[in-house]
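The values are calculated or read from the model by the stated rules, or taken from the named source; none is laboratory data. All values reported here derive from a predicted model rather than from experimental measurement. Because the Cβ atoms are built from the backbone with ideal geometry, glycine has one as well, and the counts that use them run over all protein chains shown.
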Amino acid sequence: MSAATTRYFNKGVMTLDAPHIGWVVRETNDKIVVFGEGDDRFDIPKDKIRFASRNVLIDLPFYEIVRQYKVSRDEPLPTDVAPISPWPKEWPPDVDLATYEGRYPNSLFNKGVRTQDEEHVGHVMKETDDMIVIWGHYDWRFDVPKSRIIAVGRNVILGMNYPEVFQYRVDRNAPLPTGESVEKLGDEQGEIGKQRQPGAASTSEAQ
């Protein structure tokens, strides 16, 4: 199996002494990103995985994971792709956000999301023509219309206060706005990494 093939996305994660510490929300070539309780986030190297079936078992006690791999939930999610942002550093006063969205349809992927009262909501895991799918604290997921976006820079800013976000909360395992299974998110992440691997095209042709 290719290192870029997603195997762990959306699986529960356990340690040697804890039956559940969170869920895998991102997989790269060398690590998994786990969102746990509250604001907990752990970026764990794949070489610390003992095995994976229904759940992923990390070959460490929980306190070691906290000590070595806990990071701020606000930090950008790691990716195998070096992102290049097309968004301007400063927005003109008469900016038409829809124009930018039409020109750069995939540019919101992986960005952090905040509300206008400066609360962190989560990260964009999927973008469609009119929606963004956000994975947030705990196992929360929000499918938010793009019409609620008021600005985009390093983060996507929603034109609402934090409590209002919960009107867009959906079950974490619900189908995506496109009607596809949530597992499609993992497939897309794997495809991005695979396309960026040196020699990926020649390997495919050789087969």
Hey, any hits in segment 70-93 for a residue that's basic (Lys, Arg) and at pLDDT 95 or above? yes
Just to be sure before I move on: is Glu75 among the acidic types (Asp, Glu), over 18 Å from Arg141 (Cβ atoms) and assigned to a loop (DSSP other than H, G, I, E, B) in the structure I sent? yes
The lone exception for Ser53 - which of (1) surrounded by fewer than 17 Cβ atoms within 10 Å (Cβ to Cβ); (2) touching a residue at least 12 places away in the same chain (Cβ under 8 Å); (3) farther than 30 Å from Glu119 by Cβ it fails: (2)
Inside segment 3-51, the number of residues satisfying the requirement of being in contact with a Phe, Trp or Tyr (Cβ under 8 Å, 6 or more places away or on another chain), among the aliphatic types (A, V, I, L, M) and within 20 Å of Trp135 (Cβ to Cβ) is 8
Name the single residue that is farthest from Gly179 (Cα to Cα) among those in segment 112-137 being in contact (Cβ under 8 Å) with a residue 24 or more places away in the chain, among the β-branched types (Val, Ile, Thr) and assigned to a strand (DSSP E or B). Thr115
State whether the residues of segment 177-195 include one that is in a helix (DSSP H, G or I), in the same structural domain as Ser107 (by TED's automatic domain parsing) and modelled with pLDDT of 90 or more. no
Meets criteria (farther than 27 Å from Ala174 by Cβ, surrounded by 16 or more Cβ atoms within 10 Å (Cβ to Cβ) and either out of contact with any helix residue (DSSP H, G or I) (no Cβ under 6 Å at 6 or more places or on another chain) or modelled with pLDDT under 90 (or both)) for Lys48: yes
Of the residues that make up segment 97-108, is at least one surrounded by 12 or more Cβ atoms within 10 Å (Cβ to Cβ), outside the structural domain of Trp135 (by TED's automatic domain parsing), farther than 19 Å from Tyr8 by Cβ and modelled with pLDDT of 80 or more? no
Identify the single condition in (1) at pLDDT 90 or above; (2) not in a helix (DSSP H, G or I) that Pro163 does not satisfy, given that it satisfies every other one. (2)
